[in-house]
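Beneath this line is the structure, given in structure tokens, with notes to follow.
The values are calculated or read from the model by the stated rules, or taken from the named source; none is laboratory data. Note that this is a predicted model, so its numbers are computed, not measured. Positions of Cβ are generated from backbone atoms using ideal geometry, with glycine treated the same way; all protein chains shown enter the neighbour counts. Side chains included, ligands, DNA and RNA excluded: accessible areas come from the protein's heavy atoms. Shrake-Rupley method; radii C 1.70, N 1.55, O 1.52, S 1.80 Å.
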Amino acid sequence: MKSSQFFRSGAGVVLAAALLIALPFVAALGGQAWVRILDFAILYVFLALGLNIVVGLAGLLDLGYIAFYAVGAYTWALLASPHFGLHWPIWAILPLGAGLACFAGVLLGSPTLKLRGDYLAIVTLGFGEIVRIFLNNLNAPINVTNGPQGITLIDPVSFGAFKFSGTTQILGFSLSGPQKYYFLLVALAILVIIINIRLQNSRIGRAWQAIREDEIAAKAIGINTRNLKLLAFAMGASFGGVAGGIFSAMQGFVSPESFSLIESIMILAMVVLGGMGHIPGVILGAVLLTVLPEVLRYGVGPLQMAVFGKMLVDPESLRMLVFGLALVLVMRFKPAGLWPSPERQRELTEAKS
């Protein structure tokens, strides 16, 4: 019995690996834009898993999470572009970006330790907007961020002479820039998922869940809620910093417009829609909310032409309408998310009975 289970799990891993390897080549048949969409889906998995630590595990409603993404992105942009004439390597910038985002997380967490629910959401929302406005105006009297114009000509990720931009021949295969980034992102995503699983199953993870369920009871049994809440903010922010650095390198350009409130809300929606506190659910939510709008973007127009023979509604407006309706329906019929944890599912079942 055990050997058959081992065989099935081994076959599952091999199948998943084959799918992950084949995916960018299949997506490239529809154009490189679809490979870039896959890249962004994985980036959003980083962000959603980071926010899941704060919201899903520790139960701290954070609406300013995009600020940590911005810290990581601008750290890369300032240290690997002609803006200051610096071109630092990835192994120096990425940990530094994660560290600065981590520090920003502690900075946000420290004054909000006694806040919960709506009050915490308002304060974190304000923090996210302050960072964006700060980046937008830090071009005078000393030009640090180049203000609304943003920073251009940012270096791509590179290891020695191997660059992730442009097309490269590897073992007879021609890999485009987005395809190379895809494999880098998949490797980083596996690492991030392993860290998340280890955290969730550790004493720290269980303490976060205790704080989420009842902070007063958690404090009564000896859990240091102050330090653990700060740790949740710091850990979650560091994932945002890493994602921001890769985003900056992939795009080659950053500006404050990329870090608006709507981005924070989208990342929160990924966590809630997938299933708060459940890692597979959060990954599903991030992938769905990244890919679905793009599928609608490319599919709504041709669908109207095929059915009605003309455009009745602007495709962009209809896309967002269908997207919003889908979110409402999911929350109506699956309030715990598309893929909730077994514990959460059991709680909801018991509450109904």
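Across segment 20-37, a minimum of one residue is classified as open to solvent by less than 40 Å² (accessible area, probe 1.4 Å), of a type in the set (Val, Ile, Thr), touching a Pro at 6+ places or on another chain (Cβ under 7 Å) and within 30 Å of Arg297 (Cβ to Cβ).
Among the residues of segment 251-285, those identified as of a type outside the set (A, V, I, L, M, F, W, C), part of a helix (DSSP H, G or I) and farther than 18 Å from Leu321 by Cα are Gln251, Pro256, Glu257, Ser258, Ser264, Gly274, Pro280, Gly281, Gly285. The residue that is farthest from the chain's Cα centre (by Cα), among those in segment 143-170 that are hydroxyl-bearing (Ser, Thr, Tyr) and open to solvent by 50 Å² or more (accessible area, probe 1.4 Å), is Thr167. Consider segment 201-213. How many of its residues are open to solvent by 40 Å² or more (accessible area, probe 1.4 Å) and either part of a helix (DSSP H, G or I) or in contact with a Gly (Cβ under 9 Å, 6 or more places away or on another chain) (or both)? Residues in segment 201-213 being open to solvent by 40 Å² or more (accessible area, probe 1.4 Å) and either part of a helix (DSSP H, G or I) or in contact with a Gly (Cβ under 9 Å, 6 or more places away or on another chain) (or both): 6 in total.
With respect to the stated conditions, Ser258 fails to be crowded, with 21+ Cβ neighbours inside 10 Å and either more than 30 Å from Leu96 (Cα to Cα) or among the polar types (S, T, N, Q) (or both). Selection within segment 40-84: residues that are open to solvent by 10 Å² or more (accessible area, probe 1.4 Å) and touching a strand residue (DSSP E or B) at 6+ places or on another chain (Cβ under 6 Å). The member of this set that is farthest from Pro24 (Cα to Cα) is His83.
Among the candidates Leu288, Leu303, Leu327, the residue that is closer than 30 Å to Gly177 by Cα, open to solvent by 20 Å² or more (accessible area, probe 1.4 Å) and in a helix (DSSP H, G or I) is uniquely Leu288.
Of Gly99, Gly109, Gly56, which residue is within 22 Å of Ser248 (Cα to Cα) and either among the hydroxyl-bearing types (Ser, Thr, Tyr) or assigned to a helix (DSSP H, G or I) (or both)?
Answer to the check: Gly99.
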